[in-house]
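Shown next, in structure tokens, is the structure this report addresses.
The values are calculated or read from the model by the stated rules, or taken from the named source; none is laboratory data. Predicted model only: the values in this text are computed from it and were never measured. Here Cβ is always computed from backbone atoms with ideal geometry, including for glycine, and neighbour counts include all displayed protein chains. Side chains are part of the model used for accessible areas, which takes the heavy atoms of the whole protein and leaves out ligands, DNA and RNA. Shrake-Rupley method; radii C 1.70, N 1.55, O 1.52, S 1.80 Å.
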Amino acid sequence: LGALGGLGLLLSLVFFFNPGTRPAFAYSWLFAIFVSFTLVVGGTFWVLLHNASNASWGVSVRRLFENLGHLALPLGLLSLPLLLPVVQTHIWPWMNHHREAAEQVAAHGGSVLERLEEMAKINPHLTVLPEKFGYLNRTFWYIRFFAYFGILGSMAWYMRGRYLVQELDGSVKHTIRARQFACAMLFPFALTVTFAAVDWLMALDYNWFSTMWGVYIFAGSAWSSMALMLLVVSYLRSLGYLQKVVTGEHYHLMGKLLLTFTIFWAYIAFDQYFLIWYANIPEETRFFLIRNTEGWRWVSILLLVGHFVLPFVVLLQQQQKKNVGLTCAVAVWVLVMHIVDIYWNIIPMRGPTLGQGVWMGGTAWMGDIIAFCTVFGILGYLYMLRLTHHSLYAWRDPRLVESINVRN
């Protein structure tokens, strides 16, 4: 993984420094970063939920989620290219209009908001920018960018650190404080996920909006991170670890949660589609019109069948969730579908924004693969390295025995 990430990083630098490939590769990098972001978000969510609900069954596997959430800060470093104007100009058109307004302010005075209002009088398509200026402005955007990684990283650092200290003194006070912290952080966590989804994905088209968007991204994050942990647990058990603390009952419980979020994602996705279809507002329907044009139509159908129907049918029966081999196969499929989902949400905007049609051909897909392998290679290496630093499970947690003997 480390070699893959290192090689990909070198190739990524070539794509970034080449003016010809930079516009398309900017979308590739955003795609890779956001897929990783959803997994980190999912890992943080499961840690918060396990502690807030005082769920004992998750003690055996919670450390694996803690380590996943702990990748927030490394991911933040990999996200720094998104702060460069030469990258932003190809991804978020609203920033270009704001920079144009700032140049006019520097030349003629006034404020950015006033200049945007003047620009909107000339071009009605820009009318929404002055209306959204209180939230969608560059200064506030940069502040939020750093806040997202700071908040997620702080949550992961505190939760993991609390249980590492418990392994030294064995005090139950750490469990109590972790639960109190988790309960207090659920709301800031929800805001972080929602605003990040709005800033990085929804703002790809500054005219588009959806009140379901934050929940939609959250559902996919929880879904995919649970699938990833099923694979990590199975891999570690194949090496001889966790044999006495993770049983078939844990697979059953994780499989049930995977099924739950399969249904939840489908519910949110359908609600979003139905409300946009029913309202028939041009600014909203644009999202689905683009994704039902040319080749993207088949990707949309694939998501309907692959993201919901197939996992739902397989995970519905109890015995199939206890079948380790089948559950791992479903987990792999879930991760693939989640990647396709994020790709479907980001990449269709690349062609129209760059003026190259809806279904952008050429070699842009190569950049998508390189960016994905780079980010996942680096973060995967750091994750596996982190597993070697401490125990794979919280061995002094007072609920460990209850977790080992859990029964559905």
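Quick look at the numbers
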| read-out | value |
| --- | --- |
| Residue in the range 357-370 that is among the aromatic types (Phe, Trp, Tyr), farther than 30 Å from residue 240 by Cα and part of a loop (DSSP other than H, G, I, E, B) present | yes |
| Residue among 45, 37, 25 that alone is part of a helix (DSSP H, G or I) and open to solvent by 10 Å² or more (accessible area, probe 1.4 Å) | 45 |
| Residue check for residue 127: under 24 Å from residue 197 (Cα atoms), surrounded by fewer than 13 Cβ atoms within 10 Å (Cβ to Cβ), of a type in the set (Ser, Thr, Tyr) and free of Cβ contacts under 8 Å to residues at least 24 places away in the same chain | no |
| Every residue from the range 93-110 that is part of a helix (DSSP H, G or I) and without any contact (Cβ under 8 Å) to a residue 40 or more places away in the chain | 96, 97, 99, 100, 101, 102, 103, 104, 105, 106, 107, 108 |
| Selected residue (only one of 77, 136, 113 is modelled with pLDDT of 90 or more, touching a helix residue (DSSP H, G or I) at 6+ places or on another chain (Cβ under 7 Å) and assigned to a helix (DSSP H, G or I)) | 113 |
| Residues (within 20 Å of the chain's Cα centre (by Cα), farther than 13 Å from residue 256 by Cα and open to solvent by less than 60 Å² (accessible area, probe 1.4 Å)) located in the range 307-339 | 307, 308, 334, 335, 337, 338, 339 |
| Hits in the range 228-276 (condition: hydrophobic (A, V, I, L, M, F, W, C), open to solvent by 20 Å² or more (accessible area, probe 1.4 Å) and assigned to a loop (DSSP other than H, G, I, E, B)) | 239 |
